[in-house]
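The values are calculated or read from the model by the stated rules, or taken from the named source; none is laboratory data. Predicted, not measured: the structure shown is a model, and the values here were computed from it. Ideal geometry is used to build each Cβ from the backbone, glycine not excepted, and the neighbour counts take in all protein chains shown. Accessible surface areas use protein heavy atoms only, side chains included; no ligands, DNA or RNA. Shrake-Rupley method; radii C 1.70, N 1.55, O 1.52, S 1.80 Å.
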Amino acid sequence: MMRFKWSGPVAALSLFATALLGVSGSASAAPCGNNGGGFGQWKAAFAAEAQRAGVGQRGLQALASARYATRTIAADRNQKSFNYSLQKFMQIRGSATIVAQGRKRLARDRAFYDALEQRYGVPAGVIIAIHGMETGFGRFMGDSSVVSAITTLAYDCRRSDFFIPHAIGALKLVDRGAITATTKGARHGELGHTQFLPGNALKYGVDINGDGRVDFYNQADALASTANFLRQKGWRPGAGFQEGQPNFRVIKQWNAAGVYQKAIAIMAARIEG
């Protein structure tokens with residue numbers, strides 16, 4: 001087992017976290033902010049919360065090296081596509097291309113998708129549509145540091161409560177070796193082929209290829225993890241997934257935007273078509 005020597009900013013964060021935890025056995029929540037000015041102070045306080053939640057040395061080191069992600073904040077303030085009509089949303093997201101390529105993928109890898117459906121009950125079309133929508137089937141999985149992006153959102157006052165568990169999740173993924181402090185993902189910290197938020201990746205990740213590591217940048221692991229997420233969120237094998245049908249509400253668990261949910265359901269049916 002590799003051992004690490006505590007030094008520099010990691011040691012400082014650890015000592016500070018320990019000191020905070022020693023006050024009445026608890027730590028105050030790290031204060032949020034609306035610009036990068038307080039990010040360093042927030043990280044020092046958040047280290048205590050992370051340590052209390054079970055984050056280890058490598059995770060704390062990743063937190064110490066995280067930088068305030070200005071591009072993430074800009075993206076978070078400008079999510080216009082979810083306000084488009086369904087027709088325009090599908091057009092700008094390239095739904096026709098996703099369906100055409102999705103059909104080819106299904107025909108080529110039918111045995112793999114059939115095995116996923118047998119195990120998790122989620123049809124191939126749904127998994128393929130999500131894969132195509134999120135990263136163009138893995139062609140672009142992001143250019144932002146996952147740890148920096150997700151900790152920036154956890155610090156930002158706009159949706160701090162939502163992102164804090166995902167920031168903890170990202171640091172635990174670093175501890176487990178699933179990602180590193182420099183792993184690249186989307187602007188909101190989503191990672192891998194289907195853009196899992198880190199807390200969900202930690203909870204629902206599946207090592208389907210049996211190599212001993214859940215790797216969201218491995219297509220098989222990522223797609224199996226996506227199927228597992230949907231099943232654990234209540235997917236009913238054999239039930240419909242169009243709007244108004246039982247499994248449509250489960251697609252909502254993947255993405256909260258109504259136009260996204262409808263697009264996935266339509267594309268999935270066309271891929272299966």
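Quick check: anything in the stretch 132-155 among the aromatic types (Phe, Trp, Tyr) and touching a Cys at 6+ places or on another chain (Cβ under 9 Å)? Yes - at least one qualifying residue is present in the stretch 132-155. Just one residue in the set 227, 170, 154, 181 is farther than 27 Å from residue 43 by Cα and either at pLDDT 95 or above or of a type in the set (D, E, K, R) (or both); that residue is 227. Of note, residue 114 satisfies the criterion of being in contact with a helix residue (DSSP H, G or I) (Cβ under 9 Å, 6 or more places away or on another chain), over 12 Å from residue 193 (Cα atoms) and surrounded by fewer than 15 Cβ atoms within 10 Å (Cβ to Cβ). Does the stretch 139-162 contain at least one residue that is more than 21 Å from residue 74 (Cβ to Cβ), in contact with a helix residue (DSSP H, G or I) (Cβ under 7 Å, 6 or more places away or on another chain) and either open to solvent by less than 70 Å² (accessible area, probe 1.4 Å) or not in a helix (DSSP H, G or I) (or both)? No; the residues of the stretch 139-162 include none that is more than 21 Å from residue 74 (Cβ to Cβ), in contact with a helix residue (DSSP H, G or I) (Cβ under 7 Å, 6 or more places away or on another chain) and either open to solvent by less than 70 Å² (accessible area, probe 1.4 Å) or not in a helix (DSSP H, G or I) (or both).
Within the stretch 35-78, track down each residue that is within 30 Å of residue 267 (Cβ to Cβ) and open to solvent by 70 Å² or more (accessible area, probe 1.4 Å). Of everything in the stretch 35-78, those that are within 30 Å of residue 267 (Cβ to Cβ) and open to solvent by 70 Å² or more (accessible area, probe 1.4 Å) turn out to be 71, 77, 78.
Regarding residue 242, is this residue in contact with a Phe, Trp or Tyr (Cβ under 7 Å, 6 or more places away or on another chain) and either more than 18 Å from residue 141 (Cα to Cα) or open to solvent by 10 Å² or more (accessible area, probe 1.4 Å) (or both)? So residue 242 passes the test.
This table checks each residue for (1) within 20 Å of residue 132 (Cβ to Cβ); (2) touching a residue at least 60 places away in the same chain (Cβ under 8 Å); (3) polar (S, T, N, Q).
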site: 160; (1), (2), (3): no, yes, yes
site: 168; (1), (2), (3): no, yes, no
site: 172; (1), (2), (3): no, yes, no
site: 181; (1), (2), (3): no, yes, no
site: 188; (1), (2), (3): yes, yes, no
site: 197; (1), (2), (3): yes, no, no
site: 202; (1), (2), (3): no, no, no
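Suppose the filter is open to solvent by less than 30 Å² (accessible area, probe 1.4 Å), touching a His at 6+ places or on another chain (Cβ under 9 Å) and not acidic (Asp, Glu); does residue 183 pass it? For residue 183, the condition - open to solvent by less than 30 Å² (accessible area, probe 1.4 Å), touching a His at 6+ places or on another chain (Cβ under 9 Å) and not acidic (Asp, Glu) - is not met.
Residues in the stretch 117-134 that are under 18 Å from residue 255 (Cβ atoms) and open to solvent by less than 10 Å² (accessible area, probe 1.4 Å): 122, 125, 126, 127, 128, 129, 130, 131, 132. All of 241, 229 fail the test of being assigned to a loop (DSSP other than H, G, I, E, B) and among the aromatic types (Phe, Trp, Tyr), apart from 241. Residue 177 meets each of the listed conditions (1) under 14 Å from the mean Cα position of the chain (by Cα); (2) farther than 19 Å from residue 127 by Cβ; (3) of a type in the set (Gly, Ala, Ser) apart from (1). Taking helices (runs of 4 or more DSSP H) as the structural unit, those lying wholly within the stretch 1-104 and holding at least 1 residues that are on the phi < 0 side of the Ramachandran plot and modelled with pLDDT of 65 or more correspond to 39-52, 57-65, 70-76, 86-92. When residue 211 is tested against (1) at pLDDT below 95; (2) open to solvent by less than 20 Å² (accessible area, probe 1.4 Å), just one condition goes unmet, and that condition is (2).
Looking at 178, 222, 256, 265, just one residue is outside any helix (DSSP H, G or I) and either open to solvent by less than 50 Å² (accessible area, probe 1.4 Å) or touching a helix residue (DSSP H, G or I) at 6+ places or on another chain (Cβ under 6 Å) (or both), and that residue is 178. Touching a helix residue (DSSP H, G or I) at 6+ places or on another chain (Cβ under 7 Å), over 30 Å from residue 263 (Cβ atoms) and not polar (S, T, N, Q): does that describe residue 37? Spelling it out, it is not the case that residue 37 is touching a helix residue (DSSP H, G or I) at 6+ places or on another chain (Cβ under 7 Å), over 30 Å from residue 263 (Cβ atoms) and not polar (S, T, N, Q).
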